[in-house]
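One structure is given below, encoded as structure tokens.
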Amino acid sequence: MKIALVGIGKIALDQHVPALAASPDWELAATVSRRGRVEGVPAFADLDRMLAAHPEIGTVSLCLPPVPRFAAAQAVLRAGRNLMLEKPPGATLAEVHVLRDLAQAHGVGLYTTWHSRMAHAVGQAKAWLADRDIRAGRITWREDVRRWHPGQDWIFDPGGMGVFDPGINALSILTEILPVSVHLTAAELDFPRNRQAPIAARLSFSHGIAADLDFRQEGPQTWDIELRTDAGHLALRMGGNLLEIDGRRVGGEDSIMGEYPALYHRMARLVREGKSDVDLTPMVLVADAFVLGRRNTVEAFEP
Ligand code: NAP
């Protein structure tokens, strides 16, 4: 099946292009980006032109940041193409409701991806937790924004979500593996005095689960979820890729390279079956943190 990629930047080049090149399901048939391109693939700077020039491209995958993504997403659905969205699926929840309705009205598929849910040990963690009671939990998601997001000013603009850009990955795993639903009960957000989005956040959820998200972590980086249950202690490390039970490694792999191939495999299946997969639960937790959170002003952030 032919697919187009829109927004040829960091994640498109790091993950989407290699995943599509290795996929038995997809052929990358066009790109849309003002500056970015992929060698050997027809490149457009304008989405509407690409859609008009390539009616045979049935699916479009958007790798733009969340704020500019909505207009592009509407154009793709109105043109009757299936749509795959990077996380977070929108700048607001209501945008994604609009897209879901639009996809339905045009009879095409919509997939709001959560790449971290495809990490190696997430399925095994979910199975282990299925019949256990959650007693408490701790998410520690601390990374260096300068190292992972160089030059990405949008991340601290309104709608860029700041530390929730990576933090929502942790919440996407949490909401996937838990046998119960969780809701946010309190939040404290640290905004640099020269920025519009938080650089750190401490969150409390039901079931005694707490989260510590920080974009200022130098040295070792941490992407861990730990859960205490009525029958043992689970730790997912490396962004959901390694699983420990009661301190002993029981599963996973020390690599993140399987996530995007798995996303495109799922998209192929959705298209073949004429289905959509739209899940907003991680984003509801983030939106509630902005609604309920106590706001602190902290030191200015300079990239
Ligand atoms: P990026 O490199 O900053 O942006 C991707 C591309 O989008 C840019 O190269 C640019 O292409 C286009 N773009 C940027 N700002 C735009 C604007 N205001 N209007 C129109 N086009 C714009 O971002 P990214 O890191 O790839 O992230 C994109 C999405 O993927 C985000 O939602 C992010 O959360 C998600 N994601 C990122 C990572 C990661 O490690 N970076 C990992 C997983 C998921 P042109 O200038 O060529 O048009």
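The values are calculated or read from the model by the stated rules, or taken from the named source; none is laboratory data. Here the structure is a predicted model, which means the values were calculated and not measured. Glycine also receives a Cβ, built like all others from the backbone with ideal geometry; neighbour counts cover every protein chain displayed.
Condition check ((1) out of contact with any Leu (no Cβ under 8 Å at 6 or more places or on another chain); (2) farther than 21 Å from GLN15 by Cβ) across all residues:
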position	(1), (2)
THR140	yes, yes
PRO150	yes, no
SER181	yes, yes
ASP190	yes, yes
SER204	no, yes
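Residue-wise test of (1) of a type in the set (Lys, Arg); (2) more than 10 Å from the ligand (Cβ to nearest atom); (3) at pLDDT below 95.
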{"position": "LYS2", "(1), (2), (3)": "yes, yes, no"}
{"position": "VAL6", "(1), (2), (3)": "no, no, no"}
{"position": "PRO24", "(1), (2), (3)": "no, yes, no"}
{"position": "SER33", "(1), (2), (3)": "no, no, no"}
{"position": "GLY40", "(1), (2), (3)": "no, yes, no"}
{"position": "ASP48", "(1), (2), (3)": "no, yes, no"}
{"position": "ALA52", "(1), (2), (3)": "no, yes, no"}
{"position": "ILE57", "(1), (2), (3)": "no, yes, no"}
{"position": "PRO65", "(1), (2), (3)": "no, no, no"}
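If you take the residues of segment 164-176 that are among the aliphatic types (A, V, I, L, M) and away from the ligand (no atom under 12 Å from the Cβ), which of them is surrounded by the most Cβ atoms within 10 Å (Cβ to Cβ)?
Restricting to residues being among the aliphatic types (A, V, I, L, M) and away from the ligand (no atom under 12 Å from the Cβ), the top hit is LEU171.
Per-residue answers, yes or no, for (1) modelled with pLDDT of 95 or more; (2) under 27 Å from ARG249 (Cβ atoms); (3) within 13 Å of the ligand (Cβ to nearest atom):
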| position | (1), (2), (3) |
| --- | --- |
| LEU93 | yes, no, no |
| HIS97 | yes, no, no |
| ALA105 | yes, no, no |
| VAL108 | yes, no, no |
| THR112 | yes, no, yes |
| HIS115 | yes, yes, yes |
| MET118 | yes, yes, yes |
| GLN124 | yes, yes, no |
| LEU129 | yes, yes, no |
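Residues of segment 74-122 being closer than 19 Å to MET161 by Cα and among the hydrophobic types (A, V, I, L, M, F, W, C), which ones?
Passing the criteria: LEU85, ALA91, LEU93, ALA94, VAL96, TRP114.
Being more than 11 Å from the ligand (Cβ to nearest atom) and assigned to a helix (DSSP H, G or I) is the filter here; which residues of segment 71-91 pass it? Talk me through it step by step, then tell me what you get.
First, pick out the residues of segment 71-91 that are more than 11 Å from the ligand (Cβ to nearest atom): 73-84.
Within segment 71-91, ALA73, GLN74, ALA75, VAL76, LEU77, ARG78 qualify.
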